[in-house]
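Okay, so here's the structure we're looking at.
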Amino acid sequence: MKRLAALFGVLMMASPAAAAAQETARTPSPLEAAAPTPIGCPASVGRDVRCLSGRDVNGAFYIIALPATWNHKLIVHTHGGPRTGDPEAGDSLEDLDRFSVMVKQGYAWIGSTYRRGGYGVRMAAEDADNSRKIFWARFGRPERTLLHGQSWGGNVAAKAAELYALDVEGRANYDGVLLTNGVLMGGTRAYQFRADLRAVYQFYCGNHPARQDGAYPVWQGLPANASMTRAELRRRVEECTGAGLSQRDRRADQTRRLRNILAVTGIEEDQLVAHLSWATFLFQDLVQKRLGGLNPFDNSRTIYSGSSDDAALNAGVERFTADPRAVARLAYDADLSGLIVAPTVTIHARHDPTVTWQADALYAATVAAAGRSGLLAQALTDEDQHSKLQDGGYLTALDALERWLDTGERPDPATFQQRCLALAAASACRFLPAG
């Protein structure tokens with residue numbers, strides 16, 4: 001938790017009087033394990049913001065930020081990852097800091113850690129919706145509730161929007177949805193490129209697994225009982241490819257292997273270790289713990305190209321075939337139906353190094369197949385970051401979503417850049433022309 005220490009100011013024990021009076025008048029949610037306690041807010045949310053931390057009965061921690069000048073609207077946030085470690089009480093403070101511009105605009109904000117680490121889109125969607133219920137029980141139903149998902153949290157939020165957007169009487173739990181740099185192609189399509197990376201990397205490097213690890217198929221990520229560290233993975237990648245070294249310090253054989261791996265997979269050098277980490281530790285969790293050891297990945301008919309010798313690569317690369325049971329389980333958990341019922345805005349960085357912007361196009365096709373395109377508006381920016389976009393992008397998307405809810409008119413993404421310039425500094429506005 002040392003990495004969070006620099007973010008937080010002095011503990012804020014005083015609360016806005018109106019919010020405190022409202023809270024004490026409410027009955028706590030049966031989903032709460034205990035009443036939330038005051039904590040320090042990240043300095044980035046501004047002054048006069050009350051932050052609370054609590055835990056639900058399933059073990060998920062949540063953090064609430066409530067501005068003194070609350071606009072009586074709530075943002076329910078679903079974080080990315082998935083994070084593979086055990087959740088800790090302060091984890092969501094990092095997300096609150098990243099999206100603090102929303103609180104500075106007057107929105108209340110709640111973010112859940114989810115009940116455990118590891119993969120599980122439906123689990124995370126339920127935990128996020130439980131955090132909404134907790135906020136509503138403690139502070140009353142807001143005038144408007146918006147659902148925001150970032151990265152893998154985009155998959156979580158999109159699933160939550162399908163499962164929980166309406167209550168059993170057909171009333172809206174979520175009035176609108178915002179998805180940013182989201183994993184919106186669904187679970188069965190989101191990770192195949194990393195399985196391909198493992199196969200291609202192993203063809204050229206042969207050290208993951210290494211001889212001392214014993215043989216196992218690369219689609220497993222790691223065997224269930226393996227204890228490889230991220231530092232060891234990085235060491236092996238550097239040993240084979242020289243990734244992270246200067247060209248002067250990299251051997252000719254390392255340069256050749258690195259060039260082939262990057263050319264075939266389309267991954268940038270500075271992202272190689274990160275993607276291999278997901279294809280190692282997340283795959284271990286996904287395959288061993290969530291899919292009962294079954295393989296959801298398939299490269300049995302993939303033709304790899306771009307290397308210095310494609311024939312040798314395709315003849316020698318490890319091949320694997322997906323188990324239909326694994327694919328079905330992963331699809332049930334994480335694929336999307338497109339049956340949205342609330343206005344939904346997506347933003348994606350055109351040069352996102354972690355989740356391809358084409359995920360949004362795949363989501364649009366899914367929504368179109370469900371006959372719901374009228375509820376979806378999508379925009380691209382020319383940014384090259386994944387975890388956080390410029391604040392102007394969030395301000396513009398929220399403004400567009402609010403106007404859509406107010407007027408019933410679907411926003412035109414072609415107007416987003418102009419609108420952004422009216423809301424934020426020019427440097428914070430990076431929207432690309434529509435089309």
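Could you please give the count of residues in segment 51-95 that are free of Cβ contacts under 8 Å to residues at least 40 places away in the same chain, under 27 Å from Arg230 (Cα atoms) and polar (S, T, N, Q)?
The number of residues fulfilling the criteria is 1.
Tell me, please, whether a residue that is among the acidic types (Asp, Glu), buried (at least 18 other Cβ atoms within 10 Å of the Cβ) and at pLDDT 95 or above can be found in segment 172-189.
There is at least one residue in segment 172-189 that is among the acidic types (Asp, Glu), buried (at least 18 other Cβ atoms within 10 Å of the Cβ) and at pLDDT 95 or above.
With segment 28-132 as the region, which strands (runs of 3 or more DSSP E) entirely inside it contain at least 3 residues that are in contact with a Cys (Cβ under 9 Å, 6 or more places away or on another chain)?
Details: elements: 37-39, 49-55, 61-67, 73-78, 108-112.
Correct list: 49-55, 61-67.
Could you grab me the full set of residues in segment 408-432 that are in a helix (DSSP H, G or I) and of a type in the set (Phe, Trp, Tyr)? Show your work before the answer.
To start, the set of residues in segment 408-432 that are in a helix (DSSP H, G or I) comprises 413-423, 426-428.
If the condition is that a residue be in a helix (DSSP H, G or I) and of a type in the set (Phe, Trp, Tyr), then Phe416 is the only one that fits.
Of the residues Gly306, Gly242, which is surrounded by 15 or more Cβ atoms within 10 Å (Cβ to Cβ), in contact with a Lys or Arg (Cβ under 6 Å, 6 or more places away or on another chain) and not aliphatic (A, V, I, L, M)? Even if it seems obvious, please write down each step before you answer.
Numbers: Gly306 fails: in contact with a Lys or Arg (Cβ under 6 Å, 6 or more places away or on another chain).
Just one listed residue meets the conditions, Gly242.
Only one of (1) part of a helix (DSSP H, G or I); (2) at pLDDT below 95; (3) surrounded by 13 or more Cβ atoms within 10 Å (Cβ to Cβ) is not met by Thr354, so which one is it?
(1)
Condition first: closer than 23 Å to Glu239 by Cβ and modelled with pLDDT of 95 or more. Can you find one or more residues in segment 327-346 that meet it?
Quick first cut of segment 327-346, residues closer than 23 Å to Glu239 by Cβ only: none.
No, that holds for no residue.
Looking only at segment 383-407, which residues are closer than 15 Å to Asp360 by Cβ, in contact with a Ser or Thr (Cβ under 9 Å, 6 or more places away or on another chain) and not in a helix (DSSP H, G or I)?
The answer is His386, Leu389.
Could you figure out which of (1) in a helix (DSSP H, G or I); (2) closer than 18 Å to Ala190 by Cα; (3) in contact with a helix residue (DSSP H, G or I) (Cβ under 7 Å, 6 or more places away or on another chain); (4) in contact (Cβ under 8 Å) with a residue 60 or more places away in the chain isn't true of Val367?
Only one criterion in (1) in a helix (DSSP H, G or I); (2) closer than 18 Å to Ala190 by Cα; (3) in contact with a helix residue (DSSP H, G or I) (Cβ under 7 Å, 6 or more places away or on another chain); (4) in contact (Cβ under 8 Å) with a residue 60 or more places away in the chain is unmet by Val367, namely (4).
Can you confirm whether segment 215-227 contains a residue that is in a helix (DSSP H, G or I), surrounded by fewer than 20 Cβ atoms within 10 Å (Cβ to Cβ) and among the aliphatic types (A, V, I, L, M)? If you could, list the steps in order and put the result at the bottom.
First, the residues of segment 215-227 that are in a helix (DSSP H, G or I): 218-220.
From the residues that got through so far, the ones that are surrounded by fewer than 20 Cβ atoms within 10 Å (Cβ to Cβ) too are none.
No, segment 215-227 has no match at all.
Cβ-Cβ distance below 7 Å, separation of 6 or more or different chains: which pairs start in segment 152-175 with a residue that is assigned by TED's automatic domain parsing to the domain that holds Val76 and over 14 Å from Arg141 (Cα atoms) and end on one that is basic (Lys, Arg) and surrounded by fewer than 20 Cβ atoms within 10 Å (Cβ to Cβ)?
As it stands, the answer is Lys159/Arg122, since those pairs meet every condition given.
Out of everything in segment 74-85 that is crowded, with 20+ Cβ neighbours inside 10 Å and more than 16 Å from Arg98 (Cα to Cα), what residue ends up being farthest from the chain's Cα centre (by Cα)?
Going through the qualifying residues, I end up with Leu74.
Give all pairs with beta carbons closer than 6 Å in which a residue from segment 320-343 that is acidic (Asp, Glu) meets a residue that is surrounded by 15 or more Cβ atoms within 10 Å (Cβ to Cβ); count only pairs at least 6 apart in sequence or on separate chains.
Listed by first residue and then by second, the contacts come to Asp323/Leu294; Asp323/Asn295; Asp333/Val121; Asp335/Gly186; Asp335/Gly187; Asp335/Thr188.
Condition first: among the charged types (D, E, K, R) and part of a loop (DSSP other than H, G, I, E, B). Now tell me which residues in segment 285-342 satisfy that. Can you show your working first?
We begin by selecting, within segment 285-342, every residue among the charged types (D, E, K, R); these are 285, 289-290, 298, 301, 309-310, 318-319, 323, 325, 329, 333, 335.
Asp298, Arg301, Asp309, Glu318, Arg319, Asp323, Asp335 - these are the residues of segment 285-342 that are among the charged types (D, E, K, R) and part of a loop (DSSP other than H, G, I, E, B).
Among the residues of segment 422-435 satisfying the criterion of being in contact (Cβ under 8 Å) with a residue 24 or more places away in the chain and farther than 19 Å from His351 by Cβ, which is surrounded by the fewest Cβ atoms within 10 Å (Cβ to Cβ)? Steps first, answer last, please.
Step one: list which residues in segment 422-435 are in contact (Cβ under 8 Å) with a residue 24 or more places away in the chain, which gives 423-425, 427-432, 434.
Next cut, farther than 19 Å from His351 by Cβ only: 423-425.
Details: Leu423: 16, Ala424: 18, Ala425: 11.
In this case the residue turns out to be Ala425.
Among (1) assigned to a helix (DSSP H, G or I); (2) of a type in the set (A, V, I, L, M); (3) surrounded by 15 or more Cβ atoms within 10 Å (Cβ to Cβ); (4) not assigned by TED's automatic domain parsing to the domain that holds Phe193, where does Leu380 come up short?
(1)
Please specify each residue of segment 262-284 satisfying the condition of being outside any helix (DSSP H, G or I) and among the small types (Gly, Ala, Ser). Let's see the steps before the verdict.
Of all residues in segment 262-284, those outside any helix (DSSP H, G or I) come to 266-268.
Matches in segment 262-284: Gly266 only.
Being out of contact with any Leu (no Cβ under 8 Å at 6 or more places or on another chain) and within 14 Å of Ala160 (Cβ to Cβ) is the filter here, so list the residues in segment 336-362 that pass it.
Let us first name the residues in segment 336-362 that are out of contact with any Leu (no Cβ under 8 Å at 6 or more places or on another chain), namely 337-339, 351-356, 358, 361.
Passing the criteria: Ser337, Leu339.
From (1) of a type in the set (Asp, Glu); (2) at pLDDT below 95; (3) buried (at least 24 other Cβ atoms within 10 Å of the Cβ), pick out the condition that doesn't hold for Asp167.
(3)
Does Thr265 satisfy the condition of being modelled with pLDDT of 95 or more, within 30 Å of Thr381 (Cβ to Cβ) and not assigned by TED's automatic domain parsing to the domain that holds Leu380? Let's see the steps before the verdict.
Numbers: modelled with pLDDT of 95 or more: yes; within 30 Å of Thr381 (Cβ to Cβ): yes; not assigned by TED's automatic domain parsing to the domain that holds Leu380: yes.
When the stated conditions are applied, Thr265 passes them.
The values are calculated or read from the model by the stated rules, or taken from the named source; none is laboratory data. On a predicted model such as this, the values are computed, not experimentally measured, just so you know. In this analysis, Cβ positions are derived from the backbone assuming ideal geometry, glycine residues included, and neighbour counts consider all displayed protein chains.
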